Amino acid sequence: MTDMDTQIPQTDAVPAAPSRLQRAWDSDFLYAFRRSPVAMVAMLTVTLMVLAALLSPLIAPHNPFDPATLNLMNGFTPPMTENQFTGQSFFLGTDDQGRDVFSTILYGLRISLFVGFAAVLLAMVLGVTLGLLAGYLGGWTETVIMRAADVQLTFPAILVAMLIFGIAKGITPPEYRNEVAIWVLILAIGLSDWVQFARVVRGATLVEKNREYVQAAKLIGRRPGAIMLRHILPNVLNPVLVIATISLALAIIAEATLSFLGVGAPPTQPSLGTLIRIGQGFLFSGEWWILLFPALTLLTLALSVNLLGDWLRDALNPRLK
Amino acid sequence: MLNGGHRMLAYIIRRVLQSVLVLLIVGLVAFSMFSFIGDPIDNMLGQERTQADVERLRERLGLNQPFPVQYLKFLGEALQGNFGMSYRQGRPVSEILIERAPATLELAFMSGLMALAGGIGLGVFTAIRRNGVSANIIMSASLIGVSLPTFLIGILLIYLFAVELKWLPSFGRGEVVAIGGWTTGFLTESGRKALILPSITLGLYQMTLIMRLVRTEMLEVLRQDYIRFARARGLREKSVNFRHALKNTMVPVITVTGLQLGSIIAFAIITETVFQWPGVGLLFINAVQFVDIPVMAAYLMLISVMFVGINLIVDLLYFAIDPRLRLDQKG
């Protein structure tokens, strides 16, 4: 566990000492990273995908959702071949409406990653807050929060997400459903996934709150909110980071699954899951590329994030050092 | 030991009360869905209605009564298996559920069986041949298998066995035979063929889970003294591995399998959608798509009863099997 040095501003480095960058580079954490080719490849893959998603309007050959740039004659062009009518050729082929598959994947990746990150952020904020409160305050606060966690844990997260999606859809007036679908999806996945964070943070908080630095902070009269946020939180962040990474992989898969089932991202804002749903329809007629490339993208993304999470768990576990 | 008996009774009572509380909360969620999402009056009366019609129906449905009274009535109806009418199909939800249940149960049964048999077999194999090439390949494959989303496994299987090889059907249950109220696909060839791909899709994840568990437990057990003594006594390898070692890994395997039963039913939603399998899961996902509240609520309550029931049974079994829990139990 790191101690209180997170509190001290680190601008007072002596010029002769190694720079902060150098110190970070030599840290145990990055040393372990440099020694693990799997982690480096996974990190590189995830970084490239995030960049591709962020820059998709610049990278994509055209905007697949701007009807003006589409030509129906281009429909069903196989990858890397010239279309027989227009003579155009597409890196990963086109779908039934003549949309470039490579472009739809870039835009789909953008939605998948956005939903994934946002859902994990929601789950993390909610779970960490509730976990801190439960661990620090104890009493009935703890009972209520942890019982709720137990109840939710009885059900698979994906089922909880489906239900939340269904309920939220029912509350929204039909004409707005497509517009808010992405946000509903984030809400559904985020709310289905807070339990892990809450449990781990509560456990760590129970340990930390009896340490001397917390006692000291209490003695000098810091308020409970400040103690939780400024003193305990920085010391329980390691496991939170691990869970967040693993949750990201789960959230991306959950999003893809929901969208594939038709209870997620709408066709107007397709995610990777929606693209796979669309592509499945063309499997029998032999247009395999409409399905294969989005599926491979999803697999690569989920596998990379998973591997990164596994590595992170080992690297941050003091018992394995 | 009298004390221990008291404690056990207290534990059981507390655990049962907890389960009932969870079910009441789930019932409240289901009831709130009914009351707050969409107006049931709108759903039942057409466009040409008068205010008097609305009032009369409100009176007849008991919608003018206080919330707790409505909730209790709702619970009473649900206990008798009355979940109202499906908005989409216009038939009683219970009737649709009964019609759809055999498909899901047969699928869950087959995939559970496959997961158990395959998982134990592969688990024992990878534990005995710990350093063998094939065991390592199986372990790596299982890692990829866990990262694969269920629906992609289904699509992959459809592509291989239905589209390319044309051996197996890609959707539906095939021909079914009705025995009383139960429709079964086990008795026809097309029915059995149709079961294969969905069962593999649904059972694969549980199989890898059981395999990894059996492997870990086996490796643990194989290091113990009594195994070494069994070998020293000159017992054959097969007898040591199966009669002595495997037997002692079975308690955790059975509990995990029990807990996974619920997940199999839940994940059947995904498999049933991929294969257009006419079960309860497909019914639920269609209900979510079309906001068919009575079906969603009924499914939620049914599946909660199942989950909570399984959890309760597993917990009580643990308590009965493991004497340490009885002593350590704190008030």
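The values are calculated or read from the model by the stated rules, or taken from the named source; none is laboratory data. Since we're looking at a predicted model, the values are computed, not measured. Cβ sites come from the backbone with ideal geometry, for glycine too, and all protein chains shown count toward neighbours.
Can you work out which of the residues in segment B:167-182 that are surrounded by fewer than 19 Cβ atoms within 10 Å (Cβ to Cβ) and more than 22 Å from residue A:282 (Cα to Cα) is nearest to the other protein chains (Cβ to nearest Cβ)?
Here the answer is B:174.
For segment B:93-140, enumerate the residues that are farther than 26 Å from residue B:243 by Cα and charged (D, E, K, R).
Scanning segment B:93-140 gives B:95, B:99, B:100, B:106.
Looking at segment B:113-136, which of its residues are assigned to a helix (DSSP H, G or I) and either acidic (Asp, Glu) or more than 28 Å from residue B:258 (Cα to Cα) (or both)? Working first, answer last.
Within segment B:113-136, the subset assigned to a helix (DSSP H, G or I) is B:113-128, B:133-136.
Across segment B:113-136, the qualifying residues are B:133, B:134.
Checking the condition within 14 Å of chain A (Cβ to nearest Cβ) and under 13 Å from the mean Cα position of the chain (by Cα), which residue from B:274, B:305 passes? Give the steps one after another, and end with the answer.
Numbers: B:274 fails: under 13 Å from the mean Cα position of the chain (by Cα).
One residue alone meets the criteria, B:305.
For residue A:225, state whether it is on the phi > 0 side of the Ramachandran plot and surrounded by fewer than 19 Cβ atoms within 10 Å (Cβ to Cβ).
On the way: on the phi > 0 side of the Ramachandran plot: no; surrounded by fewer than 19 Cβ atoms within 10 Å (Cβ to Cβ): yes.
No: the conditions fail for residue A:225.
Filter segment A:253-275 down to the residues that are facing another protein chain (nearest Cβ under 9 Å) and either acidic (Asp, Glu) or more than 20 Å from residue A:50 (Cβ to Cβ) (or both) and list them by number.
Within segment A:253-275, A:257, A:260, A:261, A:262, A:263 meet the criteria.
Taking residue A:240 as the residue in question, decide whether it is touching a helix residue (DSSP H, G or I) at 6+ places or on another chain (Cβ under 9 Å), in a helix (DSSP H, G or I) and not small (Gly, Ala, Ser).
Details: touching a helix residue (DSSP H, G or I) at 6+ places or on another chain (Cβ under 9 Å): yes; in a helix (DSSP H, G or I): yes; not small (Gly, Ala, Ser): yes.
Criteria met by residue A:240.
Could you list, in sequence order, the residues of segment B:184-216 that are buried (at least 20 other Cβ atoms within 10 Å of the Cβ), farther than 16 Å from residue B:276 by Cβ and out of contact with any Gly (no Cβ under 8 Å at 6 or more places or on another chain)?
B:200
Residues in segment A:108-123 that are within 18 Å of residue A:160 (Cβ to Cβ) and surrounded by 22 or more Cβ atoms within 10 Å (Cβ to Cβ): how many?
Matching residues across segment A:108-123 total 5.
Among the residues that make up segment B:79-91, is at least one of them touching a residue at least 24 places away in the same chain (Cβ under 8 Å), buried (at least 17 other Cβ atoms within 10 Å of the Cβ) and part of a helix (DSSP H, G or I)?
no
Each row is one residue, and each column tells you yes or no for (1) in a helix (DSSP H, G or I); (2) touching a residue at least 12 places away in the same chain (Cβ under 8 Å); (3) touching a strand residue (DSSP E or B) at 6+ places or on another chain (Cβ under 8 Å).
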{"position": "B:168", "(1), (2), (3)": "no, yes, no"}
{"position": "B:187", "(1), (2), (3)": "no, no, yes"}
{"position": "B:199", "(1), (2), (3)": "yes, yes, no"}
{"position": "B:209", "(1), (2), (3)": "yes, yes, no"}
{"position": "B:238", "(1), (2), (3)": "yes, no, no"}
{"position": "B:245", "(1), (2), (3)": "yes, yes, no"}
{"position": "B:251", "(1), (2), (3)": "yes, yes, no"}
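Taking segment B:149-166 only, how many residues are at the interface with another protein chain (Cβ under 7 Å from one of its Cβ atoms) and in a loop (DSSP other than H, G, I, E, B)?
Qualifying residue count for the region: 1.
Give the residue that is farthest from the other protein chains (Cβ to nearest Cβ), with candidates limited to residues of segment B:278-291 that are in a loop (DSSP other than H, G, I, E, B) and surrounded by fewer than 24 Cβ atoms within 10 Å (Cβ to Cβ).
Step one: filter segment B:278-291 for residues in a loop (DSSP other than H, G, I, E, B), giving B:278-279, B:290-291.
Among the residues that remain, those that are also surrounded by fewer than 24 Cβ atoms within 10 Å (Cβ to Cβ) are: B:278, B:290-291.
On the way: B:278: 16, B:290: 10, B:291: 5 Å.
The qualifying residue farthest from the other protein chains (Cβ to nearest Cβ) is B:278.
Looking only at segment B:171-182, decide whether some residue is in a helix (DSSP H, G or I) and at pLDDT below 85. Write out each step before concluding.
Let us first name the residues in segment B:171-182 that are in a helix (DSSP H, G or I), namely none.
Within segment B:171-182, none of the residues are in a helix (DSSP H, G or I) and at pLDDT below 85.
Take the residues in segment A:96-107 that are polar (S, T, N, Q) and touching a helix residue (DSSP H, G or I) at 6+ places or on another chain (Cβ under 7 Å), then tell me which one is surrounded by the fewest Cβ atoms within 10 Å (Cβ to Cβ).
Within segment A:96-107, the subset polar (S, T, N, Q) is A:97, A:103-104.
Retained after the next criterion (residues that are touching a helix residue (DSSP H, G or I) at 6+ places or on another chain (Cβ under 7 Å)): A:97, A:104.
Values: A:97: 15, A:104: 26.
The residue in question is A:97.
What are the pairs, 6+ residues apart or on separate chains, where a residue within segment A:280-299 that is more than 7 Å from every other protein chain (Cβ to nearest Cβ) and more than 23 Å from residue A:110 (Cα to Cα) has its Cβ under 6 Å from a residue that is of a type in the set (Val, Ile, Thr) and surrounded by 19 or more Cβ atoms within 10 Å (Cβ to Cβ)?
A:282/A:290
Take residues that are surrounded by fewer than 21 Cβ atoms within 10 Å (Cβ to Cβ) and more than 14 Å from chain B (Cβ to nearest Cβ) and tell me which of the helices (runs of 4 or more DSSP H) falling wholly in segment A:130-212 contain 2 or more. Don't jump to the end; show me each part of the working.
On the way: elements: A:139-153, A:157-171, A:177-191, A:194-208.
Correct list: A:139-153, A:177-191, A:194-208.
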